[in-house]
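S.K.: Attaching a single structure in structure tokens format; questions to follow.
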Amino acid sequence: MSKAIIIHGAISAGKTKTCLELVHKAKDLGILVEGIISPRVFEEESLIGYDCQRVPTGETFPLVRLKEYAVGSDWFHFGGLMYAFSTGGFERANAILVRASREMTPSTLVFVDEFGRLEDKGQGLHRGASAVASKLAKGGVAVITCRSDLVESVYDLLGRGAPDAVILDAGDAGSAWDIVRAALG
């Protein structure tokens, strides 16, 4: 059975934390997990950006940094956002998501954390998120996180004829887990 779970909320609402809870539960039961999660990066107690973490391996690499921490030619700016974005990081993240889409089976749980402003404009993780969304019709479960104002954009990415999409508030790992279990058995 195919299912998309859209987990939405504001910054710091618990989107990534919810994904991490689902990853741990799924791994404990031997469910195949793929995709990426974007944990925060702190210097002392200050948030300086986000890394990209490959779900099955835990491997991390830089993805987003406050502009003052983004040194070198690999980083680009987008609009008036206070962050800079790693070209190489997004290339790796998209490659992970595209590979996950190719290997997706009806019993795979794939994470795309997070669909943001860049993705809404066809940049960032858009290529990988699109690949996952297009393969979802053949089975599996995709968990896609976004800010609340981008839920409609994620719904559009999935396509109006796509598998059922359930929209949950960040932090509702219990309901998300119930949906994953029902879809993957």
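Laboratory data are not the source of any read-out in this text; all were calculated from the coordinates shown. Note that the coordinates shown come from a computational prediction; the quantities given were computed from them, not determined experimentally. Quick reminder, even Gly has a Cβ in these numbers, built from the backbone with ideal geometry, and neighbours come from all protein chains shown.
S.K.: From the phi of every residue in region 145-151, what ³J(HN,Hα) in whole Hz does the Karplus formula 6.51 cos²θ - 1.76 cosθ + 1.60 yield, where θ is phi - 60° and glycine or proline is x?
M.R.: Whole-Hz 3J(HN,Hα) from phi for region 145-151: 9, 6, 6, 4, 6, 10, 4.
S.K.: How far is helix 87-103 tilted, in degrees, relative to the longest principal axis of the Cα atoms in the chain, given as a value from 0 to 90 rounded to the nearest 10?
M.R.: Roughly 10 degrees, rounded to the nearest 10.
S.K.: Treating only the Cα positions of region 1-157 as identical point scatterers, give the base-10 log of I(q)/I(0) from the Debye formula at each q in 0.09, 0.10, 0.16 Å⁻¹.
M.R.: After summing over all Cα pairs, the log10 values are -0.26, -0.32, -0.85.
S.K.: Using only the Cα atoms of region 99-185, build the gyration tensor, take square roots of its eigenvalues as a ≥ b ≥ c, and label the shape rounded, prolate or oblate: rounded if a/c is under 1.5, else prolate if a/b is larger than b/c, else oblate.
M.R.: Cα axes put region 99-185 in the oblate bin.
S.K.: Where the centroid of each part is defined by its Cα atoms, how far is region 41-57 from region 111-163 in Å?
M.R.: If we compute the Cα centre of each part, the gap is 21 Å.
S.K.: Using only alpha carbon pairs under 8 Å that are at least six residues apart, calculate the relative contact order of region 2-184 and give it in whole percent. Provide the component values of the computation, followed by the final result.
M.R.: Numbers: 365 pairs, mean separation 60.0, N = 183.
Here the relative contact order equals 33 percent.
S.K.: What does DSSP give for the chain in terms of the percent of beta bridges that are antiparallel, rounded to the nearest 5?
M.R.: On the way: 17 of 39 bridges.
Approximately 45 percent, going by the DSSP bridge assignments.
S.K.: While we're here: If we sort 38-48, 21-31 on the protection proxy, mean other Cβ atoms within 10 Å, highest first, what's the order?
M.R.: Final packing ranking: 21-31, 38-48.
S.K.: Now a separate question. Is it possible to state the helix-based mean residue ellipticity at 222 nm for the chain, with each DSSP H run of 4+ residues giving -39500 (n - 2.57), the sum divided by total residues, to the nearest 500 deg cm²/dmol? What is it? Could the numbers behind the result be given before it?
M.R.: Working: 6 runs with 65 residues, N = 185.
My calculation for the chain gives -10500 deg cm²/dmol from helical runs alone.
S.K.: Would you order TRP75, TRP177 from fewest to most other beta-carbon atoms within 10 Å of each residue's own beta-carbon? Intermediate results must be reported in sequence, preceding the final value.
M.R.: Numbers: TRP75 19, TRP177 16.
Result, fewest neighbours first: TRP177, TRP75.
S.K.: Something else: List the pairs from LYS27/LYS121; LYS67/LYS135; LYS27/LYS135; LYS25/LYS67 whose alpha-carbon separation is above 25 Å, in the order I gave them.
M.R.: On the way: LYS27/LYS121 33 Å; LYS67/LYS135 35 Å; LYS27/LYS135 22 Å; LYS25/LYS67 35 Å.
Violating the 25 Å limit, Cα to Cα: LYS27/LYS121; LYS67/LYS135; LYS25/LYS67.
S.K.: With everything on Cα atoms, drop me the angle between helix 173-184 and the longest principal axis of the chain, reported from 0 to 90° to the nearest 10.
M.R.: 50
S.K.: Can you give the local net charge around VAL98? Use residues other than it whose beta-carbon is closer than 14 angstrom to its beta-carbon, Lys and Arg +1, Asp and Glu -1. Write out the running numbers ahead of the final one.
M.R.: Details: positive: ARG54, ARG92, ARG99, ARG102, ARG127, LYS135; negative: GLU34, GLU91, GLU103.
Within the 14 Å Cβ shell, the charges total +3.
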